[in-house]
Amino acid sequence: MSRILVTGSANGLGRAAAASLLSAGHEVVVHARNRERAVGLDALVARGAHLVVGDFTDRDAVRRIAAELNDAKPLDAVIHNAGVWSGPAVMPVNIIAPYLLTALLRGPRRLVYLSSGSHFGGRPTLAGVDWRGESAGSYSDSKLFVTTLAAAVARLRPGVLSNAVDPGWVPTKMGGPNAPDDLELGRQTQEWLASSDEPQALTTGGYWYHRRRQQPHRAVHDEAFQDNLLRTLSEEVGTVL
């Protein structure tokens, strides 16, 4: 059994994945933005989940969570599920936080980043991006960046399985009640990539939709764009991957 961190697991896809992984016998670390939201995780904590709390718009909070987890039992996998759809928090939560956790956490051999079909509408340029969230960020851009991060990690860390997952447009708080995709199918691929020993789940550098590997935006596997993104993020947060 594996020890798996699921970020943004207070509701939606993250909570569904965390609950399912617990039921499968894995050790699960759940995450909430603040203590108020963490109350909603009491049932999972009662079943044995470990809880970490921190606002991903705050870089110091992300660093504190990474330090707390590095002082505990090593993680086998991380599902970078936390995300926001709109507003100033888009870049801090959707790309800065997963970059920092990737750079700082020691030990995980499997990394799963939540992407979106919206990444196809992202612009493969880093000019003028507000990484600190002082203004509203582009969701599509953020998902293109995090999908590119997943591919870059796969290239640069050959001992790590790094993949991006499009869960589909599912009926969560973010997706809305009328979203047409299947919530169960939406959570299964990231769980599978984080924990399964099936041959396909032991591959890296993929962009997945419902356990099927897809072709992402052409910029995702552009090594020059990957390197530029990593360089820009490392300079922005002062931490090299």
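Worth pointing out:
- Just checking the listed ones, Arg212, Arg123, Arg109: in the Gaussian network model of the chain with Cα springs under 10 Å, the one fluctuating most is Arg212.
- Å² of accessible area per residue within the chain, as computed with a 1.4 Å probe and no ligands counted: 43 Å²
- Computing Cα extents along the principal axes in Å for the structure here picks out one of [x] 58, 41, 31; [y] 53, 42, 35; [z] 46, 40, 37, namely [z].
- Inter-label distance for Ala127 and Asn11, nm, one decimal - labels placed 7 Å from Cα along Cα-to-Cβ: 3.9 nm
- Cα-based shape type of the stretch 25-82, given that a ≥ b ≥ c are square roots of the gyration tensor eigenvalues and the cut on a/c is 1.5: oblate
- Extension gain, Leu51-Arg109: 0.36 nm per intervening residue step, less the Cα-Cα distance, totals 18.8 nm.
- Taking θ as phi - 60° and the Karplus parameters 6.51, -1.76 and 1.60, the scalar couplings of the stretch 216-222 work out to x, 3, 4, 6, 4, 9, 7 Hz in sequence order, x denoting glycine and proline.
- Share of carbon and sulfur in the accessible heavy-atom surface of the stretch 30-160 [1.4 Å probe, %]: 50 percent
The values are calculated or read from the model by the stated rules, or taken from the named source; none is laboratory data. Everything numeric in this text was worked out from a predicted model, so none of it was measured. Reconstructed Cβ throughout: ideal geometry from the backbone, glycine too, with neighbour counts over all protein chains shown. Ligands, DNA and RNA are stripped out before the accessible areas are found, and what is left, the full protein with its side chains, is counted by its heavy atoms. Shrake-Rupley method; radii C 1.70, N 1.55, O 1.52, S 1.80 Å.
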